[in-house]
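Each remark here refers to the structure printed beneath this line.
The values are calculated or read from the model by the stated rules, or taken from the named source; none is laboratory data. What you see is a predicted model, and the numbers here were worked out from it, not measured in a lab. With ideal geometry, Cβ positions are generated from the backbone for all residues, glycine too; neighbour counts draw on all protein chains shown. Surface accessibility is based on the protein's heavy atoms, side chains included, excluding ligands, DNA and RNA. Shrake-Rupley method; radii C 1.70, N 1.55, O 1.52, S 1.80 Å.
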Amino acid sequence: MSEPTAPAEYDAREAQEKWQAYWADHETFRPLDDGTKQRRYVLDMFPYPSGDLHMGHAEAFVMGDVVARFWKLRGYDVLHPLGWDSFGLPAENAAIAHGTHPAQWTYANIETQARSFRRYGLSVDWSRRLHTSDAEYYRWTQWLFLKFYEKGLAYRKASYVNWCPSCMTVLANEQVVQGLCERCHSVVTKRQLTQWYFKITEYAERLLDDMAQLEGKWPDRVLAMQRNWIGRSQGAYVDFPVEGQSTVITVFTTRPDTLYGAMFMVVAPESDLAAELVTPDCLTDFEAYLERTKQATEIERQSTEREKTGVFLGRYAINPLTGERIPIWTADYVLSEYGTGAIMAVPAHDQRDLDFARAHGLQVRMVIDTGEDDPTQSGVATAGDGTYVNSSELNGLRDKKSGIAAICEKLERDGTGRSAVTYRLRDWLLSRQRFWGCPIPIIHCPVDGEVPVPEDQLPVELPDLRGAALAPKGISPLASAKDWVNTTCPRCGGLATRDADTMDTFVDSSWYFFRYCSPGDTNKAFEHDDVTRWMPVDQYVGGVEHAILHLLYSRFFTKVLFDLHLVDFTEPFTRLMNQGQVINRGKAMSKSLGNGVDLGAQIDQYGVDAIRTTVVFAGPPEDDIDWADVSPSATLRFLQRAWRVAKDVSSPVGSDPATGDVSLRRVTHRILNDITELLDIRRFNVCVARLMELVNATRKAIDAGPSGADPAVREAAEFTAVALSLFAPYVAEEMWQALGHTPSVAETSWPEVDPDLAAAQVVTMAVQVQGKVRAKIEVPADISDAEAEKLALADENVGRYLAGRIVAKVIVRAPKMVSIVPAA
RNA sequence: GCCGGAGUGGUGGAAUUGGUAGACACGCAGGAUUUAGGUUCCUGUCCCUUGAGGGGUGAGAGUUCAAGUCUCUUCUCCGGUACCA
């Protein structure tokens, strides 16, 4: 009779099919949510459905999966959902190109990605899947907009906005990257438009203060970026009366102590103030200058190397401290959006003001003597500390802090100024002149003005527009859908029009993590109780490219929802991890470089497990992976070795490991102990390395030691299967089954470490003489300090180095180290 | 400029609270198995000397019995941001 021969290798493809189906059928990763276990929420930044998954997804999503699987095995009830950020421009562009509806491209890609994610072995509860472009989802995006509106946090205003001439839509400040459109890299220009904004600036202080909750739990660089972006400045407002007018120009300055050196004023050209101040004599020059400013692109305008241009407005202001008459200019180096849109210029101590003064022959007065060269001569403004001069009551003072305090006090007394804080953060412009987004639920009525769509009429669904009807025209495609845009006013019943803009897709993604807690809820955006049970998110995982935009907006939303009493916490994401990118040969993968690596092809060749494990093993999760530096084939070999170890276990299920080989058990428990700690601090790459050690040790035990029948070998193989299931879930399931277990390794629990076994018995003690290791002695782990010192001093080699010298000092750190210091 | 972060073999990277630097891999070299290739397995692999010797974590100082780790100075690289008053 012929014995069926076991395959020499595990079949990745077969295992993938088999266990994918098993996990789906048994809803293995659906949380119990019954309160029997402590809850944990693991969240991956949800994907945008642009084609199939790529290498970047492979890295991004495996990290969260390791955490989710680990926590599940550790006995937590884990919520690990996934959905799609499915509104956005690429779908619309594809629809225009193919004469179709954006939904077609979007949902086809979602299906492709969903299949790939399942194959990739993510431990996701698919019953909570959501898509932001579903009416059942965006209904609640609209509902939230209306809540913000009621609270006065959503408002419309006319202003100069960033305009992308290629996307033909406005952009938020955050979407302009070095003067270019974040998406298409076109040069961004300015347009005056009336647009919707969220009043995020009202939350600036709280967004800043609450970062204390995140310190140490979010990457430093992300916190730093948010802090810089919010850009808090402490300073003062100072009022300058305008000569011969009742107008007062208020400026913001961080250095009120240099007020005695304010030699002129500059107002932003686009500001109302400039138009108001300009005298008829100067009007022609001013208008020409204003025109030039508007034409300038963001890049030109932001270039610091540019010479300082500007024109005199024909008027003078009065320095409130000195009573001096100082000229008022306009120049584009002053921004209308920051502070008050006007500055006092202190050329001696501000480089920009100095450059401007020198370009236009304005006076310079030094008010702080720093000991450096006179800025008037050197052309270099002195910004450092020094002694006040030419500053009346401040003269002789050296301390900047008291200088600022003294001036602020004086201004406040005179009623000409007050200390103040300003922020770089601007309100969030959320209108977009595009189709494939969430409609803004506002109706414009000639009688009643802005009227919110009543809640019971939500969602305001998108009309069926496709192909050429979506082509960008500079106004929203929705505006030309007459049947849709023309409606009646909910208040007066008269003819009215819908707001034809859609929302920035960052609005959709600012609350999806709440929705996962109450999937499919038809009465609410989310249930307060659901959110309270699961949130805040315990571990958020995503790319650092969202360090500012998405995270800031989500934090803002959470605070608003807190104020609306819809949630009980103020920060949505307790811990944040930024995974790195996958690059190839030192460069980002791109078609033009021809260095792309196809995830699907990699998986076909090596299997999901090998790719997941390769990604994890390549380095720390937050580092980039250069695909040229890694070896999926070597990782696959390791997985095969692990699998063969499980196959070679011949002891029965439930064998008592205590009867097994103790030295292998020591290795197993030491490594188990280390891996448990390493997972908590998210050093996944080291975990894989330790598992390789364990597999090597087990192999050795099978081949050259106690053999596969030893229960210690079974113990080692079982732990390997459990730990490996975080990284290589399919092969782990196969191992678990080969070891005689059912049903799924994902359903078992993390093994208990035996501390006696994990602790080393024998330790190599290093003996140093004058800081250099001169002997290594094997000692029992529980050796006493006295015994360790005795052994160390008795060592032959140590004796040679001491060479009869007197021992001045002995430091003992039993059992690891004895350090001997001979007398000089 | 300002703010973050990082510099360790040929390569990716290890190294609790300062306590044997280079774990685990890749690559390379040699060997076993194989008709061959591949696979698998074994041995070696920081550098210089090659005897139990010396040097070594970007550079330079410092603290310490002991520094990759702490302090100061400095250089380089990466990321963010920048007429923000």
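Brief remarks on what is shown
- Under the criterion of Cα pairs below 8 Å and six or more residues apart, the relative contact order for the range A:56-191 equals 18 percent.
- Separation of the range A:514-560 and the range A:759-824, taken as the distance between their Cα centroids, equals 57 angstrom.
- Percent RCO, i.e. relative contact order, over the range A:457-517, from Cα pairs under 8 Å lying at least 6 residues apart: 21
- Rounded accessible area of A:R13 (nearest 10 Å², 1.4 Å probe): 140
- For the range A:36-192: accessible area per residue (Å², 1.4 Å): 33
- The alpha carbons of the range A:475-555 give a radius of gyration and a Dmax of 18.1, 50 Å, in that order.
- Theoretical ellipticity at 222 nm over chain A - DSSP helices of four or more residues, -39500 (n - 2.57) apiece, nearest 500: -11000 deg cm²/dmol
- Debye equation applied to the C-alpha atoms of the range A:254-296, log10 I(q)/I(0) at 0.24, 0.28, 0.32 Å⁻¹: -0.84, -0.97, -1.14
- Separation between Cα centres of the range A:431-477 and the range A:719-734, rounded to whole Å: 50
- Largest first, the three principal axis extents of the alpha carbons in the range A:143-187 are 36, 20, 18 Å in whole numbers.
- Stretching the chain fully between A:N595 and A:L335 yields a gain of 89.3 nm (0.36 nm per residue, less the alpha carbon separation).
- Full extension of the chain segment joining A:D385 with A:R119 gains 89.5 nm, where the gain is 0.36 nm per residue of separation less the Cα-Cα distance.
- Theoretical FRET efficiency, 1/(1+(r/R0)^6), r = Cβ-Cβ of A:E14 and A:V177, R0 30 Å, to 0.05: 0.05
- Fully extended contour minus Cα-Cα distance, from A:E307 to A:D209, at 0.36 nm per residue: 31.5 nm
- Unsatisfied cross-links (Cα-Cα over 32 Å) in the set A:K473/A:K591; A:K157/A:K401; A:K157/A:K482: A:K157/A:K401
- Using a simple spin-label model with pseudo-atoms 7 Å out from Cα toward Cβ, A:S480 and A:I811 lie 7.9 nm apart.
- Nearest-0.05 FRET efficiency for A:A759 and A:R800, computed from C-beta distance (R0 41 Å): 0.80
- Ranked by the mean number of other Cβ atoms within 10 Å of their residues, highest first, the peptides A:237-250, A:525-538, A:667-680 come out as A:667-680, A:525-538, A:237-250.
- q = 0.05, 0.07 Å⁻¹: log10 I(q)/I(0) that the Debye formula gives for chain A, counting C-alpha atoms only: -0.41, -0.74
- In Å, descending, principal axis extents of the Cα set of the range A:621-725: 45, 28, 21
- Cα→Cβ-extended label distance, 7 Å offset, between A:R325 and A:Q351, nm: 3.5
- Helix A:684-704 and the longest principal axis of the C-alpha atoms of chain A enclose an angle of approximately 10°.
- When only Cα pairs below 8 angstrom with a gap of at least 6 residues are kept, chain A shows a relative contact order of 14 percent.
- Divide the volume of the convex hull around the Cα atoms of the range A:1-153 by the residue count and you get 204 Å³ per residue.
- Placing R0 at 22 angstrom, the Cβ-Cβ distance between A:E111 and A:A21 gives a FRET efficiency of 0.80 after rounding to 0.05.
- On Cα atoms only, tilt of A:55-73 relative to the major axis of chain A in degrees: 60
- Summed residue charge, Cβ within 13 Å of A:T258's Cβ, Lys/Arg positive, Asp/Glu negative: -2
- When each of A:K151/A:K217; A:K524/A:K559; A:K147/A:K559; A:K147/A:K199; A:K37/A:K217; A:K147/A:K524 is checked by Cα-Cα distance, pairs over 22 Å: A:K151/A:K217; A:K37/A:K217
- Principal-axis tilt of helix A:549-563 within chain A, Cα atoms, nearest 10 degrees: 80
- For the range A:366-418, taking the reciprocal of the average inverse distance between every pair of different Cα atoms yields a Kirkwood hydrodynamic radius of 12.0 Å.
- Percent carbon-and-sulfur accessible area, chain A, ignoring ligands, DNA and RNA, probe 1.4 Å: 49
- Summing charges over neighbours of A:L290, with a neighbour being any other residue whose Cβ is under 11 Å away from its Cβ, gives -3 when K and R count +1 and D and E count -1.
- A:D369 long-range amide H proximity, modeled H, under 5 Å: A:T387, A:Y388, A:V389
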